[in-house]
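Novice: First the structure, which I've put down as structure tokens, then a few questions once you've had a look.
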Amino acid sequence: MATTFKEYRAGDLGFLKQLNRAAVIDVIRHEPGVSRSEIAARAGLTKPTVSAVVQELLDHGWLAEGELQQGGGGRPGRALHLNEHTHALIGAEVGVHGLRAVACTLNGTIIHALSSTSAPGTPAATSEQLANLITQLLRAPQVTGRSLLGLGVAVPGPVAFTEARVLSAPNLGWRDVPFLDLLRPHLHDLDGPWLLENEAKAAAFGEFFFHKYNAPDSLAYISLGTGIGSGFIQSGSPPSILRGAHGLASEIGHTVLQPGGPYCHCGNRGCAETLTSSWSIRAALNISEDLPLADALVPRLNEPAVHLTLKRAGEALGMLLLNVHHTFNPAKIVIGGSLTRLGEPLLQPALDYFGTHHNRLLSAQREVPIRVIPDSLFLPARGAAAQVLANVVHTTGAIQ
Ligand SMILES: [Zn+2]
């Protein structure tokens, strides 16, 4: 299920105004520097409507005017951008091995980021630790003085989005946790929408929503970390996140690649995670949890056992990419997560497998761009912040 919306009756002027505002912001988000008349043409709105909406957004500090632009034969118009200096979106992540918090501008630029490497404990203790990190973030000089639009929190497991509940986080041992309810008493002053999201879905949304120029029609993000997750985003206003009936859509780490294979944390056997994840690579090479996997392995990449383990994990990842391609057929695939730090020994076998097999069903070669993001520590938190912006623009309409 996608994000829920308020119900409106026909003729609801407030709703119409919100739609127009969202349409104008969407055009400027995708194409920074457009003029009023270009926005009118792109969004299918009249010029007076666009002028009124732009003026309102300028008055509230959402937009900034730039240079005069010539072109199109008409009168020159001023370039319009989202204002980078007035608002902040707050995003956070409960990771299996640490907590993260970011403050972003309306364009998704991270203006301040904090992380802690202490592993989460109980939900209650974790909520307190995360609140402390967010409080520290809000006190940073880069963030104070900005209008805060809300908070998005990413977690490593499927969530019930509308209830803001972690359904399960197998790698944390959490089950059925109303995490935002635990967090709220520690953060009284942070107004706006609060959202809870699966980490891979959050990262997927951020990569899609903050994409400028030539945005793909759909995008799949693959999260390679302690566990393996993914998120699938389809374009729209707002873009939609595939959730499924129970919040399990895109839980590709638990699709089965090897029937009767090793036991997974979820209780089934032969899940993708048992073949290609941080925990399965640690288990295969007997590496403790105390050290980040990349730190332990990068100095050992020439050892035959390490090379073979990563090659097999890479091939399993390639199968998984192929299954994602045939299940969702995304226009673009983005790969992030801590395992990307292992680089070529893991990723090349995956890309080779995908490259060899992904066009078999088609009569002509089709390119599926795959982008690997090696530094993806803050992507889920930034993506959760993107969801706050989408919620404010498309759902609550609380432009302030
Ligand atoms: Zn599993």
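The values are calculated or read from the model by the stated rules, or taken from the named source; none is laboratory data. Note that the coordinates shown come from a computational prediction; the quantities given were computed from them, not determined experimentally. Because the Cβ atoms are built from the backbone with ideal geometry, glycine has one as well, and the counts that use them run over all protein chains shown.
Novice: Limited to the stretch 62-78, what total is found for residues that are modelled with pLDDT of 95 or more and small (G, A, S)?
Specialist: Of the stretch 62-78, the ones modelled with pLDDT of 95 or more are 62-64.
Then keep just the ones that are small (G, A, S); that gives 64.
The total comes to 1.
Novice: Pick from the stretch 247-260 the residues that are among the aliphatic types (A, V, I, L, M) and buried (at least 16 other Cβ atoms within 10 Å of the Cβ): which of them is farthest from the ligand (Cβ to nearest atom)?
Specialist: By that ranking, first place goes to A249.
Novice: Follow-up. Mind checking whether some residue in the stretch 261-272 is within 13 Å of the ligand (Cβ to nearest atom), over 21 Å from A381 (Cα atoms), more than 20 Å from the chain's Cα centre (by Cα) and of a type in the set (K, R)?
Specialist: Filtering the stretch 261-272 for residues within 13 Å of the ligand (Cβ to nearest atom) gives 261-272.
Add one more test, that the residue is over 21 Å from A381 (Cα atoms), and what stays is 261-272.
Retained after the next criterion (residues that are more than 20 Å from the chain's Cα centre (by Cα)): 261-272.
Now drop any that are not of a type in the set (K, R), which leaves 269.
Yes, some residue in the stretch 261-272 is within 13 Å of the ligand (Cβ to nearest atom), over 21 Å from A381 (Cα atoms), more than 20 Å from the chain's Cα centre (by Cα) and of a type in the set (K, R).
Novice: Just a yes or no: is a residue in the stretch 354-375 surrounded by 17 or more Cβ atoms within 10 Å (Cβ to Cβ), in contact with a Gly (Cβ under 7 Å, 6 or more places away or on another chain), assigned by TED's automatic domain parsing to the domain that holds S278 and at pLDDT 95 or above?
Specialist: yes
Novice: Then there is this: Please report, ordered by residue number, the helices (runs of 4 or more DSSP H) entirely within the stretch 177-294 with at least 2 residues that are in contact with a Pro (Cβ under 7 Å, 6 or more places away or on another chain) and under 30 Å from H81 (Cβ atoms). Full working, then the answer.
Specialist: On the way: elements: 179-183, 199-209, 278-285.
The qualifying helices (runs of 4 or more DSSP H) are 199-209.
Novice: Being touching a Leu at 6+ places or on another chain (Cβ under 9 Å) and part of a helix (DSSP H, G or I), is that true of even one residue in the stretch 357-376?
Specialist: yes
Novice: State which residue is nearest to the ligand (Cβ to nearest atom) when the search covers only the stretch 273-286 and only residues that are more than 16 Å from P170 (Cα to Cα) and among the hydrophobic types (A, V, I, L, M, F, W, C).
Specialist: L275
Novice: I need the full set of residues from the stretch 261-306 which are within 24 Å of P374 (Cα to Cα), touching a Phe, Trp or Tyr at 6+ places or on another chain (Cβ under 9 Å) and surrounded by fewer than 16 Cβ atoms within 10 Å (Cβ to Cβ), in order please.
Specialist: E289
Novice: Kindly list, by first and then second residue, each pair from a residue in the stretch 265-278 that is free of Cβ contacts under 8 Å to residues at least 40 places away in the same chain and charged (D, E, K, R) to a residue that is more than 6 Å from the ligand (Cβ to nearest atom) and outside any loop (DSSP other than H, G, I, E, B), limited to pairs with Cβ atoms under 8 Å and residues at least 6 apart or on different chains.
Specialist: R269/V256; R269/Y263
Novice: What tally of residues in the stretch 318-340 results from selecting those that are part of a helix (DSSP H, G or I), in contact (Cβ under 8 Å) with a residue 60 or more places away in the chain and farther than 11 Å from I370 by Cβ?
Specialist: The number of residues fulfilling the criteria is 7.
Novice: State yes or no: is A23 crowded, with 18+ Cβ neighbours inside 10 Å and in contact with a helix residue (DSSP H, G or I) (Cβ under 9 Å, 6 or more places away or on another chain)?
Specialist: Details: crowded, with 18+ Cβ neighbours inside 10 Å: yes; in contact with a helix residue (DSSP H, G or I) (Cβ under 9 Å, 6 or more places away or on another chain): yes.
For A23, the condition - crowded, with 18+ Cβ neighbours inside 10 Å and in contact with a helix residue (DSSP H, G or I) (Cβ under 9 Å, 6 or more places away or on another chain) - is met.
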